[in-house]
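Novice: Dropping a structure here in structure tokens format, bear with me for questions.
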Amino acid sequence: MVELFGKNLSRRDIAERAGALSQFAGVRLMTLGDGLERGIRLLEFRTGTGLRFTVLIDRAFDLADCEFKGRAIGWNSPAGFRHPGLHEYEGEGGLAWARSFSGLLVTCGLDHILFMNDVPADNYVYGPKQSVSHSLHGRVGTIPAKLSGYGERWEGDRCFLWAEGVVQQAAVFGEDLHLMRRIEAEVGTSEIRMTDRVVNHGFYRTPHMLCYHINVGHPVLDAGSRYLAPVRDVVWAAHAGADYQKQHTGYRTLPAPQHGFHEQVWQHEMGADAAGEVPVALVNDALGLGFEVTTRKEQFPCQFEWQNLQAGQYALGIEPSTHHVLGNLAARERGEMIWLEHGDERRYDTIFRVLDGAQAIAASAARITAIARQPDTDYPAPSGHHLKLEGRT
């Protein structure tokens, strides 16, 4: 049954009440037509509960807008949803990625994440190519996808909205990695389910790294909002040392927008529940609204928390990652790089869930605390203990 407007409705009940499901929910294809967004295709999903979100087909099939009952969940940066044709990957010393950085989900990868690196390219067996120069967070986020399909699927009296796309990151004498993404949302719910498969379509032994930059904005993020996570250890903080408390902002409780704020990043070692799931949430108790992201520990063994609390750019990032914050070269040196041979693939399963009301927030907090009780101090001393990542070949 589909739960809509306080009632449990069958497929027949819904058909009796409207000429098309789109009166209540659906997914439709659109094209943006103005400014730096001009020409970008997107899919708009509505589940009937007040959850609305959009998928940027021409920006790696990433999630752009997201709102619930008219209240924003995701983050819109001043950079906007820039058309990929305007992107300069190697501009500004590798930092031009920030000129295309916006939305609820920005995918980082597929062969590099985090800051700029020049890495060996001997695996591509091409003499003139001695190294690969990587800019911030890799290339995939501004590659258009090929839209495989979208629509609605009924299973008895349950209805699922879905879309699939393929993003190909490839070069002659280089990688040929395919990101195959499926996004689903059941009508009558406030959840988004995303399944990614990254496959080496080429015949070179190819490195693979992946990180999701999941960006939550106002009003979920506001003064007093809480970051909830099953933190077993605070591994690293970019600002640790003499500047750790300089900006008067710890990892747990968020302030209002700040002026002159420098981003803060933590790496947390997370616990997982019996099913291997790792839930992380940002909640606004005063508003009765939260957002939870659930990943799988064996797929994303590392997690970062990103705070960009600068006025006009106000966001908090939940960042599951395949690798430590140490970066590409360190992953190679530590024997932790994921190497994919032809046909090898990695799968990633993620659930995005809106927490509507105090009861939903409390249930999420209880689930997280049952896994691991996070440090009760705002400035826990980083341990520097980056656990060995196993099974990376």
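Novice: Straight distance only, please: which aspartates and glutamates reach the Cα of Lys146 with their own Cα at less than 14 Å, same-chain residues fewer than 8 apart left out?
Specialist: Straight-line reach from Lys146, under 14 Å: Asp58, Asp62, Glu164.
Novice: Simple spin-label model, 7 Å along Cα-to-Cβ: Ala170 to Arg182 in nm?
Specialist: 2.2 nm
Novice: Also: Okay, which of the stretch 90-123 sit inside 12 Å, backbone N to the point 7 Å along the Cα-Cβ direction of Ser133?
Specialist: 90-95, 117-119
Novice: Compare Ile183, Ile371 by solvent-accessible area with a 1.4 Å probe and give them largest first, with all protein chains kept in place.
Specialist: These residues rank, largest area first, as Ile371, Ile183.
Novice: How charged is the neighbourhood of Gly85? Take every other residue with its Cβ under 12 Å from the Cβ of Gly85, and add Lys/Arg as +1 and Asp/Glu as -1.
Specialist: So the environment of Gly85 carries a net charge of 0.
Novice: Could you pull out every residue, at least 5 positions away or on a different chain, whose amide H is within less than 5 Å of the one on Glu3? Hs are placed 1.01 Å off N in the peptide plane, and Pro or chain starts have none.
Specialist: Leu9
Novice: Next question, about the same structure. Calculate one ³J(HN,Hα) per residue across the stretch 118-130 by plugging θ = phi - 60° into the Karplus curve 6.51 cos²θ - 1.76 cosθ + 1.60, and present them in order as whole Hz with x for glycine and proline.
Specialist: Whole-Hz 3J(HN,Hα) from phi for the stretch 118-130: 9, 10, x, 10, 4, 5, 8, 6, 9, x, x, 9, 7.
Novice: Heavy atoms only, probe 1.4 angstrom, no DNA, RNA or ligands counted: give me Asp118, Asp378 ranked by accessible area, highest first.
Specialist: Per-residue accessible area, sorted high to low, gives Asp118, Asp378.
Novice: Ordering Asp62, Asp122 by accessible area with a probe of 1.4 Å, largest first, what comes out?
Specialist: Largest to smallest exposure gives the sequence Asp122, Asp62.
Novice: Of the accessible area of the stretch 1-155, with the probe set at 1.4 angstrom, what percent is carbon plus sulfur?
Specialist: 48 percent
Novice: While we're here: Using only C-alpha positions, report the orientation-averaged shadow area of the convex hull of the stretch 53-207, nm², one decimal.
Specialist: 10.6 nm²
Novice: Hey, what did the chain get for relative contact order, percent, Cα under 8 Å, at least 6 apart?
Specialist: The normalised contact order for the chain reaches 15 percent.
Novice: Let me ask something else about it. Mind checking the full-extension length gain between Thr369 and Val125? Use 0.36 nm per residue of separation minus the Cα-Cα distance, one decimal, nm.
Specialist: Full extension of this stretch gives 82.9 nm more.
Novice: Can you tell me which lysines have their Cα less than 27 Å from the Cα of Lys388? Leave out same-chain residues fewer than eight positions away.
Specialist: Lys297
Novice: Report the full-extension gain for the segment Arg71 to Ala15: residue separation times 0.36 nm, less the Cα-Cα distance, to one decimal in nm.
Specialist: Values: separation 56, 0.36 × 56 = 20.16 nm, distance 2.89 nm.
Taking 0.36 nm per residue and subtracting the Cα distance, the gain is 17.3 nm.
Novice: Do any trypsin sites (Lys or Arg not before Pro) in the stretch 353-386 lie in a loop, going by DSSP, with at most 16 other beta-carbon atoms within 10 Å of their beta carbon, and if so which?
Specialist: Arg373
Novice: For the chain, evaluate the Debye formula with one uniform point scatterer on each Cα (no solvent term) and list log10 I(q)/I(0) at q = 0.07, 0.08, 0.14 Å⁻¹, rounded to two decimals.
Specialist: Computed log10 I(q)/I(0) values: -0.32, -0.41, -1.31.
Novice: If you don't mind, another one. Which value in deg cm²/dmol, rounded to the nearest 500, describes the helix-derived mean residue ellipticity at 222 nm for the chain, given -39,500 (n - 2.57) per DSSP H run of n ≥ 4 and division by the residue count?
Specialist: Taken over the chain, the calculation gives -2000 deg cm²/dmol.
Novice: Using the Cβ atoms and a cut-off under 11 Å, what net charge is assigned to the surroundings of His134, where Lys and Arg are +1 and Asp and Glu are -1?
Specialist: Counting the neighbours of His134, the net charge comes to -2.
Novice: Expressed as a rounded percentage, what relative contact order does the stretch 218-363 have, with Cα pairs under 8 Å and six or more residues apart?
Specialist: Relative contact order of the stretch 218-363: 26 percent.
The values are calculated or read from the model by the stated rules, or taken from the named source; none is laboratory data. Since the model is a prediction, treat every value here as computed from it, not as a measurement. Every residue, glycine among them, receives a Cβ derived from its backbone with ideal geometry; neighbour counts consider all protein chains shown. The protein model used for the area step is the full one, side chains on, heavy atoms only, and it has no ligands, DNA or RNA in it. Shrake-Rupley method; radii C 1.70, N 1.55, O 1.52, S 1.80 Å.
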